Amino acid sequence: LQDVSLTIPQGSFVSLVGESGCGKSTIAALLAGSRTGYTGSVTLGGVPVGELQQEQRLHTLTVVPHNATIFKGTVEENLRMAKPDAAESELWAALEQVNLADFCRSQNGLQTALHEGGSNLSGGQRQRLAMARALLHDTPIYLFDEATSNVDAESENDIMAAIHSLAGKKTVILISHRLANVVDSDCIYVLDKGRIVEQGKHADLLAAQGAYSRLYTAQKQLETLGKEDA
């Protein structure tokens, strides 16, 4: 990252986009405190990330990566990692929010057994379970790092619906290679080779006909071709 400066207001829905290797996930790692040794300042709520104890960070920021870990055990045990004292109704509400409740009911409810890494679930189900766990964690800031990559279309829609349900109530930072998912953002930051090259709302960035417009138009054409081939 070079000369990157951005402010994410509390309660806003902000997206980071750009081609692979442009620096999106590096920003995520800096916010989560997993990258150190940089020059510059990274703060959460005005407090430098490096000064926050890990427990404070965990109570401030929830990160949902594209390959969130599912542990061997039960659905309930995986969910309670986020909120050990949650009422059963809260666990079911989180599952409903990601459209996973009916599947669990068809199995063994909250006691549905999960293999190591959730290998007995589909990729989309694993990610939706991780999303339900994140919703239960209930922190002021949510960071989704390619949380919808490598999942089926239905799961992507369910996860994006859950993300949109947080917008306005929480500070939401969405990193996505799929630009259709960032259209409703309050602000979109476009990265290229470690720099922010554009920022603004979807309509304004399209009108500017710069890097974002080129990426968005290319993706639109690819998706249209894919539908025609199907």
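Computed values, structure above
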quantity: Residue match in the stretch 21-38 (condition: farther than 19 Å from P140 by Cα, open to solvent by 30 Å² or more (accessible area, probe 1.4 Å), within 22 Å of the chain's Cα centre (by Cα) and at pLDDT 90 or above); calculated: yes
quantity: Residues of the stretch 138-187 classified as of a type in the set (V, I, T) and touching a strand residue (DSSP E or B) at 6+ places or on another chain (Cβ under 7 Å), total; calculated: 8
quantity: Scope the stretch 65-92; condition in contact with a strand residue (DSSP E or B) (Cβ under 7 Å, 6 or more places away or on another chain), open to solvent by less than 60 Å² (accessible area, probe 1.4 Å) and closer than 24 Å to T171 by Cβ; matching residues; calculated: P65
quantity: Helices (runs of 4 or more DSSP H) contained entirely in the stretch 71-153, each with at least 3 residues that are within 20 Å of F13 (Cα to Cα); calculated: 123-137
quantity: Condition met for L16 (within 22 Å of V182 (Cβ to Cβ) and without any contact (Cβ under 8 Å) to a residue 40 or more places away in the chain); calculated: no
quantity: Those residues of the stretch 1-20 which are among the hydroxyl-bearing types (S, T, Y) and under 15 Å from the mean Cα position of the chain (by Cα), in sequence order; calculated: S12, S15
quantity: Of all residues in the stretch 48-64 being outside any helix (DSSP H, G or I), in contact with a helix residue (DSSP H, G or I) (Cβ under 8 Å, 6 or more places away or on another chain) and not polar (S, T, N, Q), the one that is surrounded by the fewest Cβ atoms within 10 Å (Cβ to Cβ); calculated: L52
quantity: Qualifying positions in the stretch 1-39 - part of a strand (DSSP E or B) and touching a Phe, Trp or Tyr at 6+ places or on another chain (Cβ under 9 Å); calculated: V14, S15, L16, V17
quantity: Condition check for E154: touching a Lys or Arg at 6+ places or on another chain (Cβ under 6 Å) and open to solvent by 30 Å² or more (accessible area, probe 1.4 Å); calculated: no
quantity: Elements of type strands (runs of 3 or more DSSP E) contained in the stretch 166-230, each with 1 or more residues being of a type in the set (G, A, S), open to solvent by less than 70 Å² (accessible area, probe 1.4 Å) and more than 29 Å from G45 (Cβ to Cβ); calculated: none
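The values are calculated or read from the model by the stated rules, or taken from the named source; none is laboratory data. Here the structure is a predicted model, which is why all the values come from computation and not from measurement. Heads up, the Cβs are rebuilt from the backbone with ideal geometry, glycines too, and the neighbour counts pull from every protein chain shown. Please note that ligands, DNA and RNA were not included when accessible areas were found on the heavy atoms of the full protein model with its side chains. Shrake-Rupley method; radii C 1.70, N 1.55, O 1.52, S 1.80 Å.
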